[in-house]
Every structure is written in structure tokens, then in C-alpha cells.
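Structure, as C-alpha cells:
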Amino acid sequence: MTKPRLALLIGIICISIFPVLVKLNLTPGLISAFYRMAIAAALLLPFVILTKGFQLPPVRVLLLAILSGVFFASDVAVWNIAIQQSTATQATLLTNLAPVWVGVGSYLFLQNKPARNFWIGTVIALLGMVVLVGFEFFLELRFDLAFSLGVLSGIFYAVYILLSKYVLERMPVLSFMTVNLLASSVFLGVVSFLFNEPFSGFSDMGWLVLVIQGIVCQLVAWLLLSYATQHMRATRVSLSLLSQALLASFLAWLFLDEQITLQMIAGGLILLVGIGVTFKEN
């Protein structure tokens, strides 16, 4: 296994605990997204300053890095709200339709077009997602607020993947992550203030969950995923992230007593086969 693929694997494991933490409902969804970014930024910024690891890119690249931070912050914020207003399963399913948007965006805007196996793998992986949550569940989805936010989250995330792929080809990972986290923190801080979200008054467990989200689900996970994105196709990274649903289901069973059925196991296996197909060269 190459270093980028190993980084991708570990990064996926780190973000798979996120839906379970959000579903605990210990903090509002929007403020949870803010602290996830702000805590990670507070830890990374002193490190890059002390080690002189920050490299200022050209203005155009810097602006795109800031824009990618806004889109990523928007993705996390609306996903948090979708999870809390519906179920982690529905929100994760809709958010993870992002590979479709990434594939279309790559075809339209990137020189490195998706190969035939990407589209085949996408169909297989999405079929696995449907089997994982149940055909009847998929058919009964309603176009309510939570549904709309789940779809919107996937679109935001797809734009982030495409922007970050472009930017990471032109600036180092640590520099990108610093700009990305600062932009995300400022954006979410302003939005949270405008919506009168509480910035304090949480329980000890609530603060612990926020710290875990900031360190594990954001800082560690996305340093690894950004490294993988820098060295791999954006389409492959986005589709591989579908596997977080499988891990999230297991963690939900372990910590939230959610049931795991043979259908879910079958869906997870189909999903992994789809991901494997995308790594095959034509």
C-alpha cells in the first residue's frame, strides 16, 4: 500500500466517528462545526508559525484556498444539522452522493478526466450504499429540510474536493490546511453569531466531544486526507470516502446500540468492491 493510500485509509477511520459524535446532540450542529474548525486551527497555527512551515502562495491560489475553506465549512455545518434533524444514516447517504458531483465536475473542469472504471465503480458503490441503508428507506426519502440539507452538503463537499485538488497541486498541505481552517473558523464564527448560537455553557462531555472532533475528525483526519488528495485523483479520494458509512454504522452499533443486519454487511461489501473497481486502471 502506497503512502497516499495509507493516509487515505487512516483519515477515513478518523472521520468515521464524526456522525456518531454529532448524533449525541450535546451541542447545536452549527456551533459544533465552528468548534471543530476553530480547535483544529488553534492547534495547527502555532505549529506552522514555530516551524516556519507556512508558505504564502500566489494571490489567486490563496483566494481559492480561502474559498475551499468556506465550502468545507458549509458542508460540515449543513451536514451536522441534517444529522441532528433526521438520522445519521439518511444524512450520510445524501452527503456521500458527492462522488457523483465530483465526477461530473472533474469531467467538466479538470484535465484529468474520470476513467471508465470510475463510473462503473461509482454505480457499484452507490448500489452498496442503497443496500446498506435499505431499498425501502431510500425509496421513502422525503424532500424535507433535512433531505435538502443532506443533498446540499454533498454538493458543498464535491466543490471542496475539486477546489482542494487544484489548490494542493500549487501549495503544500500544511499551508493549505492553515488557510482552510482559518477561513472555515472565521466563516462559521460569523454565521454562528448571526444565528445567535451559544458559544459556551456546554457540559463536560459536550466539550470533550468538541475537542475530539477538532483534533481527530478535523486536524488529523484532514491532514491525512489532504495529503492523499494531493497525490491521488480527486474522484478516487471522494469515492473512497464512501466507506466511512460502513465504519460509522459499526461505531453506531458499538456506542449507540444501533442494529447491524446482514443487509448492512452485504451493502458494505458491495460498497468496498465499488471502491476497489475505481483503483483499477483501464
Seminar exercise, completed: If we ask which residues in segment 243-260 are more than 19 Å from the chain's Cα centre (by Cα), of a type outside the set (D, E, K, R) and modelled with pLDDT under 75, their number turns out to be 3
Exercise. What's the number of the condition Gly201 fails, among (1) over 30 Å from Ile124 (Cα atoms); (2) assigned to a helix (DSSP H, G or I); (3) at pLDDT below 95?
Worked result: (2)
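Quick grid of which residues meet (1) surrounded by fewer than 16 Cβ atoms within 10 Å (Cβ to Cβ); (2) touching a Phe, Trp or Tyr at 6+ places or on another chain (Cβ under 9 Å); (3) modelled with pLDDT of 95 or more:
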| site | (1), (2), (3) |
| --- | --- |
| Val48 | no, yes, no |
| Leu56 | yes, no, no |
| Leu63 | yes, no, yes |
| Phe72 | no, yes, no |
| Val76 | no, yes, no |
| Ile81 | no, no, no |
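Restricting attention to segment 1-55, and to residues there that are in contact with an Asp or Glu (Cβ under 8 Å, 6 or more places away or on another chain) and either in a helix (DSSP H, G or I) or of a type in the set (Asp, Glu) (or both), which single residue is farthest from Leu256 (Cα to Cα)?
Residues of segment 1-55 that are in contact with an Asp or Glu (Cβ under 8 Å, 6 or more places away or on another chain), as a first pass: 28, 30-31, 34.
After this cut, where a residue has to be either in a helix (DSSP H, G or I) or of a type in the set (Asp, Glu) (or both) as well, the list is 30-31, 34.
Working: Leu30: 22, Ile31: 22, Phe34: 24 Å.
Going through the qualifying residues, I end up with Phe34.
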Exercise. Out of all the residues in segment 169-177, is one or more part of a loop (DSSP other than H, G, I, E, B), in contact (Cβ under 8 Å) with a residue 60 or more places away in the chain, out of contact with any Gly (no Cβ under 6 Å at 6 or more places or on another chain) and surrounded by 20 or more Cβ atoms within 10 Å (Cβ to Cβ)?
Worked result: yes
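Could you list, in sequence order, all residues of segment 226-235 that are within 14 Å of the chain's Cα centre (by Cα) and either acidic (Asp, Glu) or at pLDDT below 85 (or both)?
Residues of segment 226-235 within 14 Å of the chain's Cα centre (by Cα): 226, 228-229, 234-235.
If the condition is that a residue be within 14 Å of the chain's Cα centre (by Cα) and either acidic (Asp, Glu) or at pLDDT below 85 (or both), then Ser226, Thr229, Ala234, Thr235 are the ones that fit.
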For this session: Could you check how many residues of segment 168-221 are under 17 Å from Ile66 (Cβ atoms) and small (Gly, Ala, Ser)?
Result: 5
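The values are calculated or read from the model by the stated rules, or taken from the named source; none is laboratory data. None of these values were measured; they are calculated from a predicted model. Positions of Cβ are backbone-derived with ideal geometry, glycine not excepted, and every protein chain shown enters the neighbour counts.
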